[in-house]
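Here is the structure we will look at.
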Amino acid sequence: MAVAGAPRRAAESWATMAQRNPAVGVLDTLLRGVGQVMFQNNPLTGLLFLVGIFVNSLKFGGAALLGLAASTLAAYLLGADRALIRNGLFGFNGVLVGIGLAFFLEFDVLLAVYIIVGAAVSTIVMMALINLLSPWDMPALTAPFVLTAWLLLFAVYQFAFLTPTELIAPLAPDPATVVQTELRELATGAGAVGLTAANLAHGFFRGVGEVMFQDNLLTGVIFLIAILVNSRISAAFAALGSAVALLTALALGGDGVAIYHGLYGFNAVLCAIALGGLFFVLTWKSALYALLAAVFSVAAFAAIAVLLSPIGMPALTAPFVLTTWLFLWPKAGFRALEPVALADVTTAESIRAGYRVRAAGPSATSEPGEAT
Amino acid sequence: MAVAGAPRRAAESWATMAQRNPAVGVLDTLLRGVGQVMFQNNPLTGLLFLVGIFVNSLKFGGAALLGLAASTLAAYLLGADRALIRNGLFGFNGVLVGIGLAFFLEFDVLLAVYIIVGAAVSTIVMMALINLLSPWDMPALTAPFVLTAWLLLFAVYQFAFLTPTELIAPLAPDPATVVQTELRELATGAGAVGLTAANLAHGFFRGVGEVMFQDNLLTGVIFLIAILVNSRISAAFAALGSAVALLTALALGGDGVAIYHGLYGFNAVLCAIALGGLFFVLTWKSALYALLAAVFSVAAFAAIAVLLSPIGMPALTAPFVLTTWLFLWPKAGFRALEPVALADVTTAESIRAGYRVRAAGPSATSEPGEAT
Amino acid sequence: MAVAGAPRRAAESWATMAQRNPAVGVLDTLLRGVGQVMFQNNPLTGLLFLVGIFVNSLKFGGAALLGLAASTLAAYLLGADRALIRNGLFGFNGVLVGIGLAFFLEFDVLLAVYIIVGAAVSTIVMMALINLLSPWDMPALTAPFVLTAWLLLFAVYQFAFLTPTELIAPLAPDPATVVQTELRELATGAGAVGLTAANLAHGFFRGVGEVMFQDNLLTGVIFLIAILVNSRISAAFAALGSAVALLTALALGGDGVAIYHGLYGFNAVLCAIALGGLFFVLTWKSALYALLAAVFSVAAFAAIAVLLSPIGMPALTAPFVLTTWLFLWPKAGFRALEPVALADVTTAESIRAGYRVRAAGPSATSEPGEAT
């Protein structure tokens, strides 16, 4: 963790408590699960993420907790590896399944059951993908959430007792449709229109908030602070990802309302965090590579949204998963990039520090020049 | 095989004849191919499956035989492994391609050629998937059928000389559509309506019959008996899968006509057989796990049906393949479950017996307590 | 290379120049990149391909060069393996991304930027697929182009500053639509109608031209000559693939206008070249197998076209990629076929010669009779 002095000691005493006291251990595990939604294996980050969600919506906060508990409990009951569980790897998909289903379906008792089953299944899919991807040492990212939530959401048309919210609206794509490019809050009605500082700030921060479906500027600010608590590099790339996506969407003429609400941003935020120092060692080259991925994720988001538009279903974080897999699978195939083994993925700071030590060491086999 | 006494001796003398007499050997191979549609490597089960199909429809019986012969012959001509052929692994996808194409396309000479080509290609796809999945020791299931039949069916709109049946009906999904939840035989018209014993029996048995597109109560009964001939555990899970799917679909408010005709059941039947004692050793935990898969397959079926509804195409057994892959890929990643190597998949009974012997043996490395 | 005498000496002196002179080396690399669109690692073939494109359209020629330069440059900058770059493996997807985007989107400055980004990303996707497929020693084929171009094309509906050409036209599939089977140039208007020699010639040659989106008889002729320069076997299979697809589409009652313009042919051309002597050693059995793949690709093309019709998007070469993967993944699983390791894929002629030497050698383990 990129902290020092008093915060560092607080973090260490929390870690000690989490090891000794089972109740604190469970709490620690759950909070790390929330933090892992954005690759931050840090309970304080997770706690602040929850604060950010609850600030925006009690319902989504509750759904997040329900999914988190169900997916983590399923991992315990099925006997998944304890170290993986403790790192929150069976929590983050449950959080997203919980919020995602509550976002697109009306809340009632049946939906609560649906979320519990879905979150438990996301744990099974997570383990499936861990095994499936292990020959390449590739991460599952949020694919378990996407797959599970897609199946549960697509099904909604067929079941009378599940009710979609008005966000589920099928639409046949039509090349003749004119895209409204003016940046604004609502398609109809008042409010400042165009490239104002406020509108850009909304697009920028909501892009971070939308990673967990939170269409709220303040939530975006809290999320950035939450990441900053754990890693300055990850916080910087989260911000860069959102900014780059905003600019790319504006340059291509994306829908101004969608941009305002951060819909082009959240996949780019995740791509930028993942590729900006976590799965590749941070260098100038890997930083540019991560930003290229953020740019590409804007097209990928639009593409998957279009593909699903005839059935009116959301892209979720599939653009992030697809883009990051495509950009990460080259691994050591590009000499300009230094891939990080999954077991070594901690924080961008410590990965970079470890790499510098190895590169400078007497038995270094990689070229030190690459690291700059 | 879970038989004893006279039936056992009959089975053994048939096996001896099949080895000595090439004609009996071919017949044995073909019948096992039919049995493998539900994982039953047993010629008598295969024969009873054929009886069940012919009881419902001569046309589908003929199409099944045509596909079976073409896919098995292709495996011989291409030089596939003889042991795999003898176990019927190149027959079951051909059976399903044959019935599936005859179910959704009008029958004529061109369709017969189409079935032959499709069944032969299903053998190629089977071998492709065997190689593709071998790093994880994962089974291809009916994916060769699904992939091949999807490509051949989707194409039908583009070809004047192939005619879809009225079952091919594109429909744009619409959240405002009201799902008719009352259990009944026909959307329009007479007959008992609601949760009557007869309606539930139809849903239950047709669910088993629909595994091979047979919308017929009697066929479902014969199929269950056919499985019972080979394995009581598999028969029990086939029944449990159909029942669990029926209840899940009712609980979610599925279309009453679809439930009556077993459309929510057939994927669950296959999931329950596969996970209930075949690919995981049967324990209380794996039994519950298999039933969770059956529950999830109900949503997966609805989801894939919705996804394909704009082009009016059927889900086939894709929900089964997807759900079973997701639930099986965790393999040894969950300590609560004991995966079975593909080479050891025989009957649920002998797998369980073998596991108990190993667990009790002096060199046992797994925990005996897990098996109960 | 299948040349002798003076041409052989010319080829050798070119190869020497390409090694010594960096400028010639770059030119050689770029031309091989064009040749690799149809698996021909030969700069003269690449040059003739470019001639064929420019004969049809300056715009597409320019787009091809732009994509070629961007994808190859990206490979250099990212530090991909130099030998792979020199063999043109990071050029062909860029060529196709360039033409493909220019074919379906109106050309302007923003599109040029879009092509550059897309071509660069195709290099990343190529390296991703090389790693992904390496456990099976399977080729990426044109999958990087298909994936990248699909994402960039699907997105077009969402961006005001990108304009689709009239080729992007969503259409809900309808079983009641009557397919017009008469072979003719235009759906409306004059010109010879039916199975005339001229119409068949158009369908045959345009099928070859359409591999690179060139709807032009002369371009198809030039492409065939270009392949012939490098390999008689590949040229023969390109021709056979186009002819077989033409006949299959006619037999199934495909749209006469689509057949005239070679739309059923281009995927079959690529399947036939790939499987006809390159990835399997050429024998009578593998030749028939390659032609079966060509037949199947006709259905696969129609299927993928239908699947994408609600969003009005093109199948590109996905039918080729899917069919060839399905037919190649069996590898050594079929004794009737002799797979070629990726590292040994050169020309069909030299592969066959090398196989004959091995088969005839004293330490031969395969049966010589198989090779005839």
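The values are calculated or read from the model by the stated rules, or taken from the named source; none is laboratory data. Just so it is clear, the model here is predicted, and its values are computed rather than measured. With ideal geometry, Cβ positions are generated from the backbone for all residues, glycine too; neighbour counts draw on all protein chains shown. To get the accessible areas, we keep the full protein, side chains included, count just its heavy atoms, and leave off ligands, DNA and RNA. Shrake-Rupley method; radii C 1.70, N 1.55, O 1.52, S 1.80 Å.
Figures for the structure shown
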| read-out | value |
| --- | --- |
| Inter-chain Cβ neighbour average for residues A:73-80, partner chain, 10 Å | 4 |
| Exam field: residue B:197 pseudo-label spacings to other copies (7 Å along Cα-Cβ), nanometres | 7.8, 7.8 |
| Helical mean residue ellipticity (222 nm; -39500 (n - 2.57) per DSSP H run of 4+; nearest 500) of chain B | -20000 deg cm²/dmol |
| Per-residue HN-Hα couplings for the stretch C:114-120 [Karplus 6.51, -1.76, 1.60; θ = phi - 60°; Hz; x = Gly/Pro] | 4, 5, 4, 4, x, 5, 4 |
| Calculated P(r) of the stretch B:192-247 - Cα pairs past 15 Å, % | 45 percent |
| Minimum Cβ-to-axis distance in chain A for the rotation onto chain B, with residue, whole Å | A:310, 3 |
| Inverse of mean 1/r across different Cα pairs in the stretch C:120-246, Kirkwood, Å | 18.1 Å |
| Max mean-square fluctuation residue, GNM over chain C, Cα-Cα springs under 10 Å, options C:253, C:100, C:265 | C:253 |
| Inter-chain Cβ neighbour average for residues C:134-140, partner chain, 10 Å | 2 |
| Whole-Hz ³J(HN,Hα) from phi, Karplus 6.51 cos²θ - 1.76 cosθ + 1.60, for the stretch B:310-316, glycine and proline x | x, 9, x, 9, x, 6, 6 |
| Estimated FRET transfer efficiency when R0 is 56 angstrom, pair residue A:171-residue C:84 (beta carbons, to 0.05) | 0.85 |
| For residue C:105, distant residues with modelled amide H under 5 Å away | C:165 |
| Karplus-derived 3J(HN,Hα), 6.51/-1.76/1.60, for each residue of the stretch C:23-36, Hz, glycine and proline x | 5, 5, x, 5, 4, 4, 4, 5, 5, 5, x, 5, x, 5 |
| Inter-copy spacing of residue A:135 label points, which lie 7 Å from Cα along Cα→Cβ, given in nm from shortest upward | 0.3, 0.3 |
| Portion, in percent, of the accessible area of the protein assembly as shown that falls on carbon or sulfur, probe 1.4 Å | 68 percent |
| Average beta carbon contacts from partner chains per residue of C:330-338, 10 Å cutoff | 6 |
| Chain C - Debye-derived log10 I(q)/I(0), Cα point model, q = 0.06, 0.07, 0.14 Å⁻¹ | -0.22, -0.30, -1.22 |
| Across A:331/B:331; A:331/C:331; B:285/B:331, pairs whose alpha-carbon gap is larger than 21 Å | A:331/B:331; A:331/C:331 |
| At most 14 other Cβ within 10 Å, DSSP loop - GluC sites (Glu not before Pro), the stretch B:128-228 | B:166, B:182 |
| Alpha-carbon Rg with Dmax, taken over the stretch C:161-231, Å | 16.0, 47 |
| Euclidean distance between Cα centres, the stretch A:305-325 to the stretch B:70-104, Å | 36 Å |
| Pseudo-label separations to other copies for residue A:19 - Cα-to-Cβ vector, 7 Å, nm | 6.0, 6.0 |
| Signed unit charges on C-beta, dipole axis of the stretch B:1-111, positive-most listed residue B:93, B:69, B:5 | B:5 |
| Compactness of the stretch A:250-372, expressed as Rg and Dmax over alpha-carbon positions, Å | 16.9, 59 |
| Relative compactness, the protein assembly as shown, computed as alpha-carbon Rg over 2.2 N^0.38 Å | 0.93 |
| Principal axes of the stretch C:29-128: Cα extent on each, largest first, Å | 35, 27, 16 |
| Value in Å of the Kirkwood radius, where the stretch B:51-180 supplies the Cα pairs that are averaged | 15.7 Å |
| Mean Cβ neighbour count within 10 Å, used as a protection proxy, ranking A:196-208, B:85-97 highest first | B:85-97, A:196-208 |
